[in-house]
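The values are calculated or read from the model by the stated rules, or taken from the named source; none is laboratory data. Small disclaimer: the values here were computed from a predicted structure and weren't measured. Using ideal geometry, Cβ is built from the backbone for each residue, glycine included, and neighbour counts are taken over all protein chains shown.
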Amino acid sequence: MKDEASTIGNSEMADVLERVADLLESQEANPFRVGAYRRAAGTIRDHPEPLVDVLARGGLAAVDALPTIGPTIAAHVAELARSGGLTLLERLEGEVSPEGLFASIAGIGPELARRIHHELHVETLEELEQAAHDGRLGQVPGFGSRRVRAVRQQLEAVLARSTRTRARRRESAGGSRSLATASRPDVATLLAVDAEYRERASRGELRRIAPRRFNPGREAWLPILHCERDDWHFTALFSNTARAHELGHTDDWVVLFYERDGDAGQCTVVTETHGPNRGQRVVRGRESEPHDPVEPASPRPA
């Protein structure tokens, strides 16, 4: 993704959302979700005012208020306006890179992002935030106490922004859920999606995509699943990262992306290799949360 401020126009935004719709359709996602992206693309393309100006003037609420947009696509518009790229599109193309994700945080360049991923084996911003608090990030070369503190503050702002906004909206509407519950799925739901993905992948039931990263032969090897639970939209893929390939865990580590009403996030589910949960499926960073044990599935067929 681009790092500098974007000057993306409505037509370009609409093109991105139409590409998202095409990929969702080809990957057999919910037809209503596909249609939502197509309708939003049409609204944006025909809108007389640049959406970057709408966003600058009225924030997410002004974009959300446009016909056919809604909070989730409004958040995508904000990301496009900020960076010129869309993480969702990269995800659907199998191109999500932890290094690129970490480099989007102020104070972390491409080389430091590579070191973080290689030495700490973290793949999400939530996992990076945990490492910044428990001392592991400070052990990575190039991270002194001042930089760690700055990264920690930046991560807190980035991770809290949308969840707090959505939580305030729910509270004003009479909702009683806690911030943590409102902003992310519970562990049991995540493990259920992980189990469905691994089982269907092992039976060869899922559409496979050909990621560009670590795939010089352009083989369509990466199964992808779209599903919905408790109004959350999930996308599940085996981890296509340098570390997963290096350790031979591309048939074990599963990256789950989720979004609902403007809240979005991701997590990694793995088979625990030590401690009391050894041999069980766990959500990285949420191992201590109560859940029923889930056993690893058989490796997918070659």
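Give me a count of the residues in region 57-89 that are aliphatic (A, V, I, L, M) and either in the same structural domain as Ala103 (by TED's automatic domain parsing) or touching a residue at least 24 places away in the same chain (Cβ under 8 Å) (or both). Selection size over region 57-89: 11. Of all residues in region 14-25, none satisfies being surrounded by 14 or more Cβ atoms within 10 Å (Cβ to Cβ) and farther than 17 Å from Leu88 by Cβ. Residue count for region 30-40 satisfying the condition of being within 21 Å of the chain's Cα centre (by Cα), part of a helix (DSSP H, G or I) and in contact (Cβ under 8 Å) with a residue 24 or more places away in the chain: 4. If you go through region 1-29 and keep only what is modelled with pLDDT of 85 or more, under 21 Å from the mean Cα position of the chain (by Cα) and not in a helix (DSSP H, G or I), you end up with just Ala29. Restrict the check to region 129-143 and report whether at least one residue is modelled with pLDDT under 95, closer than 17 Å to Ala264 by Cα, not β-branched (Val, Ile, Thr) and not assigned by TED's automatic domain parsing to the domain that holds Glu25. Yes, there is a match, as at least one residue in region 129-143 is modelled with pLDDT under 95, closer than 17 Å to Ala264 by Cα, not β-branched (Val, Ile, Thr) and not assigned by TED's automatic domain parsing to the domain that holds Glu25.
Only a single item in (1) at pLDDT below 85; (2) farther than 23 Å from Glu127 by Cβ; (3) surrounded by 14 or more Cβ atoms within 10 Å (Cβ to Cβ) is not met by Gly262, and it is number (2). Among residues of region 103-114 being crowded, with 18+ Cβ neighbours inside 10 Å and either in a helix (DSSP H, G or I) or without any contact (Cβ under 8 Å) to a residue 40 or more places away in the chain (or both), the one that is farthest from the chain's Cα centre (by Cα) is Leu112.
Scanning region 241-264 for residues that are on the phi > 0 side of the Ramachandran plot and in contact (Cβ under 8 Å) with a residue 60 or more places away in the chain yields a total of 2. Residue check: Val158 meets all listed conditions (1) part of a helix (DSSP H, G or I); (2) touching a strand residue (DSSP E or B) at 6+ places or on another chain (Cβ under 9 Å); (3) modelled with pLDDT of 60 or more but one, namely (2). Quick one: in region 187-213, of everything that is part of a helix (DSSP H, G or I) and among the acidic types (Asp, Glu), which residue is surrounded by the fewest Cβ atoms within 10 Å (Cβ to Cβ)? Of everything passing the filter in region 187-213, Glu199 is surrounded by the fewest Cβ atoms within 10 Å (Cβ to Cβ).
Let's see how each residue does on (1) at pLDDT below 85; (2) in contact with a strand residue (DSSP E or B) (Cβ under 6 Å, 6 or more places away or on another chain):
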| position | (1), (2) |
| --- | --- |
| Pro211 | yes, yes |
| Glu219 | no, no |
| Ile224 | no, yes |
| Glu228 | no, no |
| Trp232 | no, yes |
